[in-house]
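Everything below concerns the one structure shown next.
The values are calculated or read from the model by the stated rules, or taken from the named source; none is laboratory data. Just so we're clear, the structure is a prediction, and the values are computed from it rather than from any experiment. Cβ placement follows ideal geometry from the backbone for every residue including glycine, while neighbour counts extend to all protein chains displayed.
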Amino acid sequence: MEPFEDCRAVVFDLDGTLADTVGDLTTALNRALAELDLPPHPEEAVRGMVGGGLAKLLTRGLAAHDVVLERAEHEAVLARFVAHYAANPAERSKLYPGARQTLNVLREAGIPCGLCTNKHEPIARDLLTRSALGRRSGAIQGSETGFPRKPDPACLIHVVKKLGASPETALMVGDNATDLKTARAAGLKRVVLVSYGYSVTPVTDLGADLVITHLHDLVPALALPERAQ
């Protein structure tokens, strides 16, 4: 990707992009499953189930045990799963290397950053606060706030506007096909995917404008060092 020198805003995905949250998701999911007398899933198995929000994770976790619940029971179990996760979303979760530094560089360069995630927004905000990323994010939008989930572009378009940018001058950074589809549908000019996230399909096969192996790689791609000086 050529340096994106007209970038006016960067919007990040959360899970698999800025933070590895699988540990706490695994704990919460297994607590919900235990209430159904179902055995726990190992963390690496849950890693392959993540994507699309907590409801989909629960559905996949149940399906791995060949369990399908009626709608009412599924909603009740989901509510308990969410409660378990909301009670402690940051005990085992950790930021990926370079997350804080990259957001700091962007802020110093005058590039506002936002977050567009399918995670429940209160949980996302709590996780960002506990990891000291909250004050680095100018706009945070999660699920359960009136917007449809990604890949519907409404949430992303909303975040871009809140950051004072337009789709033509904004960049999306994510870790899977859903993030790519969301950005394309929103009309964003550039999409960057990280190679270390939760994508089942190799991100190099998805058609992003750039694939990076480390968040630090985003800085030279945007030609920010010179602009931040």
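Here are a few things to note about the model shown:
- When the range 37-90 is limited to residues that are closer than 19 Å to ASP13 by Cβ and outside any loop (DSSP other than H, G, I, E, B), the one that is farthest from the chain's Cα centre (by Cα) turns out to be ARG60.
- Residue satisfying condition, being more than 27 Å from ALA87 (Cβ to Cβ), surrounded by fewer than 21 Cβ atoms within 10 Å (Cβ to Cβ) and modelled with pLDDT of 95 or more, within set THR213, THR201, THR182: THR213
- Inside the range 51-72, residues that are in contact with a Phe, Trp or Tyr (Cβ under 7 Å, 6 or more places away or on another chain) and modelled with pLDDT of 95 or more make up a count of 1.
- Cβ-Cβ under 6 Å pairs, at least 6 apart or on other chains, the range 214-229 side assigned to a helix (DSSP H, G or I), far side modelled with pLDDT under 75: ALA221/MET1
- When the range 185-213 is filtered for residues that are in contact with a Gly (Cβ under 9 Å, 6 or more places away or on another chain) and free of Cβ contacts under 8 Å to residues at least 40 places away in the same chain, the ones remaining, listed by number, are VAL191, LEU193, VAL203, ALA208.
- Qualifying position, being assigned to a helix (DSSP H, G or I) and in contact (Cβ under 8 Å) with a residue 12 or more places away in the chain, among THR27, THR17: THR27
- Residues considered: THR27, THR117. Of these, the only one that is among the hydroxyl-bearing types (Ser, Thr, Tyr) and out of contact with any Leu (no Cβ under 7 Å at 6 or more places or on another chain) is THR27.
- Which numbered condition ILE111 fails, given (1) modelled with pLDDT under 95; (2) within 19 Å of SER143 (Cα to Cα); (3) buried (at least 19 other Cβ atoms within 10 Å of the Cβ): (2)
- The set of residues in the range 38-65 that are more than 21 Å from THR117 (Cα to Cα) and among the aliphatic types (A, V, I, L, M) comprises LEU38, ALA45, LEU62, ALA63, ALA64.
- Out of HIS120, HIS65, HIS84, HIS74, one residue alone is free of Cβ contacts under 8 Å to residues at least 40 places away in the same chain and surrounded by 16 or more Cβ atoms within 10 Å (Cβ to Cβ). It is HIS74.
- Of the residues making up the range 185-195, those that are surrounded by fewer than 17 Cβ atoms within 10 Å (Cβ to Cβ) and either among the small types (Gly, Ala, Ser) or at pLDDT 95 or above (or both) number 3.
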